[in-house]
Structures are given as structure tokens and as C-alpha cells.
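One structure is given below, encoded as C-alpha cells.
The values are calculated or read from the model by the stated rules, or taken from the named source; none is laboratory data. As the structure is a prediction and not an experimental result, all values here were calculated from the model. Note: ideal-geometry Cβ built from the backbone for every residue, glycine included; neighbour counts use all protein chains shown.
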Amino acid sequence: MSPGGCVRAALSPRHPLGGTPIRRFTTLHKQLVFFALAIAAGLIVAVPGYAAIATPTPTMPNSNATTDQAPVFGWTAVSNAASYSFQLSTDSGFNSVVYSLTGTHNTRATVTTSLSDDTYWWRVRAVNAAGTASGWSTPMQFTKTWSDQPVQESPTDGSTVSFPTPLILNWDKTPYAASYHVILASDPLSNGSNILGTGALAVPYWLSYHPTFLANTKVLAVVAGHVVGVIAAHERAIKLLPKKHQLTGQLPLLAAMICFTVGGLYLLFST
């Protein structure tokens, strides 16, 4: 042992064929170096699963594009990406996300819900097998404007349809249309009158885009109407029926109101 007590040297026995003996030095510093190299090697093997992953680049549609329907969204593939996440919002800060998709293995996405005419922003990010996500791509903007409308074909404007000839309304097929709304309310007699003054008005579709509000309003109206009806019937029964029949006399009406309420709610939620 050396005076410092840090180094131990051992001479290996001389090789039978001759030669210089091999000196083997073992020090605390060398042990630490070997340990550090082992850790570094382990990290080199493990890093690919946890390293930062690149951000996909949007490729379609072009920024600030205008389309009559929801477009197909596309982005570049990212090395080591296991899946991608996609978001669509009505604001650039993505506080009002209207559609999101996670865990897709494709570099394309389509929106499966109907989109109203508006300006939208979309972005995408990659996720590797370890669950590490890249940063979001730069938000891309596009505007959806559906301007197509049906063209009336028959009967022509100003024409007369006389009984017994049936009134048949025809119009051309509109691209992307799922259904049509026909209005004849202001002219119930088909004589060119505008009784209600609504002949030139357009149909508002606000409630169609807010089905939850519409359903809740219907439920509240049905329940409130029946509660008010039961209370009114109760007051009339107290005033009109003899005292001994004031309770039993209300049971048939109560049963009828319950049936109407249950039936109305059933019809509401089954359609």
C-alpha cells in the first residue's frame, strides 16, 4: 500500500512463456468512473423512449382557407410518434373546443359532427410510446361558409294550381343537404295570400344548434304545465265537491295528469 493508502498494486505471476508482468491498479476514482459509465450507458438505452418528440407540421387545409363543408385535416408524420392528438376550436386560444381526437395513428382527421358556419382554428401534437407529448402545432385558421341553397323548379312563380290538380313542390338537389324545410304557412289556401306576414322571412335555426337547451325547455314546460293544472284542479275540487269527496274526487284527474306527463316525456325522449 502506498503512503497515502489509496492505491493497491499487485503483480501478476510471470507468464510461463515469458514477458512483462501485467500491473493491475484499482483505485476509488476508477471505480467511480466505471459506475458513471454504466449509468450513462443505461441512459443512452432508455433516452429514446423519453426524449423530446418533434411537433407535427399541418399540411391541409391551407391557412385562412374557406370551405363549404368541414375539410379533411392533415399533418406530417413524426419519428417515434405512437399517436396524435387533434383539437378544433372556435377561438385561437382553444377555450371553446368543439371537437377533439386523441390516440389516432393516422396523419389525417375528419370531423364527425356537423359544424355551423363560423371561423375555426385547429392544431395537432404527437405522443410517443412513453406518453410524452410534443408541443402543439401553430394554430391554423379556416372559415366554413355553406352558401348553397335549393332552386325552386315547380310550380313556377306566379303560376296557379287548381283543384283537383295536386300541389306538388319540386326543387333541385342541394350539395351536402341532409334534409329540407318547406314553408307554406303564410299561404294556407295556396291563393297567393300572406296572411301571417311571414312569407319573406327565413327560418331561424338557432334552436337546431342548441338541442340541449331545446330539450330542457320542453321538459320544464311539460312539468310546469302539469303542475299548474293539478293545482288549479285541486282548487276547483275544494270549491265544488262535497267535503267527503274532495280528496277522492281528485284521484282520477291526478292519474290522468300522471299519464299525460309520463307519455309526454316518453314521446319527447324517444324521438
- Tell me, yes or no, whether region 106-113 has at least one residue that is in the same structural domain as Tyr84 (by TED's automatic domain parsing), without any contact (Cβ under 8 Å) to a residue 24 or more places away in the chain and of a type in the set (Ser, Thr, Tyr). yes
- Item | Test for Gly74: is it surrounded by fewer than 19 Cβ atoms within 10 Å (Cβ to Cβ) and either of a type in the set (Ser, Thr, Tyr) or assigned to a loop (DSSP other than H, G, I, E, B) (or both) | no
- Message: If the requirement is being assigned to a helix (DSSP H, G or I) and closer than 24 Å to Ser208 by Cα, which of these qualifies: Leu267, Leu251?
- Response: Leu267
- Would you mind stating whether Ala65 is closer than 16 Å to Gln141 by Cβ, touching a Ser or Thr at 6+ places or on another chain (Cβ under 9 Å), exposed (fewer than 15 other Cβ atoms within 10 Å of the Cβ) and not basic (Lys, Arg)? yes
- For region 142-171, what are the residues that are acidic (Asp, Glu) and outside any loop (DSSP other than H, G, I, E, B)? Glu153
- Message: If I go through region 115-141 residue by residue, how many of them are part of a loop (DSSP other than H, G, I, E, B), at pLDDT 95 or above and either on the phi > 0 side of the Ramachandran plot or among the aromatic types (Phe, Trp, Tyr) (or both)?
- Response: 1
- Note on the structure: Conditions (1) in contact with a Lys or Arg (Cβ under 6 Å, 6 or more places away or on another chain); (2) outside any helix (DSSP H, G or I) -> Leu201 fails only (1)
- Message: Out of the residues in region 143-159 meeting the condition of being among the hydroxyl-bearing types (Ser, Thr, Tyr) and surrounded by 10 or more Cβ atoms within 10 Å (Cβ to Cβ), tell me which one is modelled with the lowest pLDDT.
- Response: Ser154
- Query: Of everything in region 202-239 that's among the hydrophobic types (A, V, I, L, M, F, W, C) and in contact (Cβ under 8 Å) with a residue 40 or more places away in the chain, which residue is farthest from Trp146 (Cα to Cα)?
  - Reply: Val222
- Item | Close pairs (8 angstrom Cβ cut-off, 6 or more residues apart or separate chains): more than 20 Å from Val161 (Cβ to Cβ) and among the β-branched types (Val, Ile, Thr) in region 177-201, assigned to a loop (DSSP other than H, G, I, E, B) and at pLDDT below 70 anywhere | Thr198/Ala185; Thr198/Ser186
- Item | Members of region 172-183 that are exposed (fewer than 10 other Cβ atoms within 10 Å of the Cβ) and either of a type in the set (Phe, Trp, Tyr) or not in a loop (DSSP other than H, G, I, E, B) (or both) | Tyr176
- Of all residues in region 78-114 being among the small types (Gly, Ala, Ser) and in a loop (DSSP other than H, G, I, E, B), the one that is nearest to Ala126 (Cα to Cα): Ser79
